[in-house]
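Some notes on the structure that comes next.
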Amino acid sequence: MTATAFFRRLAAPATAAAALLALQGSAVAETPAADPFTLKQIAPGVYAAIDGPGGRSGSNAGFVIGDDGVLVIDSFFDPDATRALVADIHKLTPKPIRYVVNTHYHVDHVGGDAVLRAAGAIIIAHRNVRGWIRTENVHLFGDHNSPRIAAMIAALPLPDVTIDKGITVWLGARRVLIQPVLGHTGGDLIVSIPDAKVVFCGDILWRHVSPNIIDGDVADWTRTVATLQQAPAASDTVFVPGHGDVATVKDVADFQRYLGDLRAVVAAERANGLTGKPLIDAALPKFAKQHGDWTAFAHFAPLELGYMEDELADRKRRPQPVAD
């Protein structure tokens, strides 16, 4: 199953994000388009791999080169894309790939973990990811689940190191901060490189791309996104989203506004006594006036409105936290 087919079926919005969205902020160096992603140097020794046309990688990823090794953030959906990323890393540095951080459990971000483990990486993830990666991913496929998909999910590597509190990873003298945050899945991590003023956000941030909120708690998510904007160096920080191109603090604010508008438009229709399809039909035109130009809005927005109603009605299904 290709990454493109995966995203068409799951309504995942990254199918052409890198091609459609222009990089905001400082100019960056880019690799040729032969890879299924565009590799962008966003700071010295820090690279973002932005999913290419057709969603061939499935999501964004990235890596940090330190004094004595490399830390990778996320591993795409398609292992072939992960192999291309490993090849690019080896072209840039002879240093070993020591770690990969999974920002959350969704298969479009962990599908290449086995490739990175074979390259020498230790897999770091939130504690819940170890319990969810082989169980909850099946829910993302809905009616399109199949024995092949089930086998793929069952074969995903389990994380080697799990955390539920912030940790620091040292790549020689280079400090990488890994911090749990709330909002997208209940098992999210962000990765910060303080000396470079870069934050890899995973799916906590979507740049001008309608998000997948199947597991989300929008109230928590909005607070987390607000916190990103309030960081002391936020105006000078490069934010790498899970989907869409490299972002600035303005893009973070735009995404917070999207989440807030989603919640507000659903709350208003609930106050009018609407529910289910009538609520979605009434809310969708209003929401489209606010954010209809976002990539994949036409497909994702009706789903988001339904999930948001479920959240406000306290009946939304979410993965349950994993016990120690």
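The values are calculated or read from the model by the stated rules, or taken from the named source; none is laboratory data. Model, not experiment: these values are computed from the prediction. Cβ placement follows ideal geometry from the backbone for every residue including glycine, while neighbour counts extend to all protein chains displayed. Surface accessibility is based on the protein's heavy atoms, side chains included, excluding ligands, DNA and RNA. Shrake-Rupley method; radii C 1.70, N 1.55, O 1.52, S 1.80 Å.
FRET efficiency for Ala154 and Gln320, Cβ-Cβ distance as r, R0 = 22 Å, nearest 0.05? With R0 = 22 Å, the Cβ-Cβ based efficiency is 0.65. Taking 31 Å as the limit for the C-alpha separation, the pairs Lys91/Lys165; Lys40/Lys277; Lys165/Lys316; Lys286/Lys316; Lys197/Lys289; Lys40/Lys250 exceed it in the case of Lys91/Lys165; Lys40/Lys277; Lys197/Lys289. Phi-derived couplings, Karplus 6.51 cos²θ - 1.76 cosθ + 1.60 at θ = phi - 60°, listed residue by residue for segment 44-49: x, x, 10, 10, 9, 10 Hz, with x used for Gly and Pro. Derived value for the chain: Kirkwood hydrodynamic radius 19.6 Å. Basis is the mean of 1/r over every pair of different alpha-carbon atoms.
Annotation for Ala233 and Asp261: the two label points, set 7 Å from Cα along the Cα-Cβ direction, are 3.2 nm apart.
Below 8 Å between Cα atoms, with a sequence gap of 6+, how large is the relative contact order for the chain in percent?
Relative contact order, the chain: 16 percent.
Sorting Thr275, Thr38, Thr185 by solvent-accessible area of protein heavy atoms yields Thr275, Thr38, Thr185, largest first, with a 1.4 Å probe.
Note on the chain: with neighbouring protein chains present and a 1.4 Å probe, carbon and sulfur make up 55 percent of its accessible heavy-atom surface. Taking every protein chain into account, the 1.4 Å probe leaves Arg117 with about 90 Å² of accessible area, to the nearest ten.
Only helices enter the 222 nm calculation for the chain: every DSSP H run of n ≥ 4 contributes -39,500 (n - 2.57), and dividing by all residues gives -11000 deg cm²/dmol, rounded to 500.
Ranked from the most accessible area to the least, with a 1.4 Å probe and all protein chains present, what is the order of Met152, Met308?
From most exposed to least exposed: Met152, Met308.
The H on the amide N of Ala119, modeled in the peptide plane, is under 5 Å from the matching H of no residue at least 5 residues off or on a different chain. The accessible area of Phe37, taken with all protein chains in place and a 1.4 Å probe, comes to roughly 0 Å². Largest to smallest in accessible area, the residues Tyr258, Tyr99 fall in the order Tyr99, Tyr258 (1.4 Å probe, all protein chains included). Taking every protein chain into account, the accessible area of the chain amounts to 40 square angstrom per residue (probe 1.4 Å).
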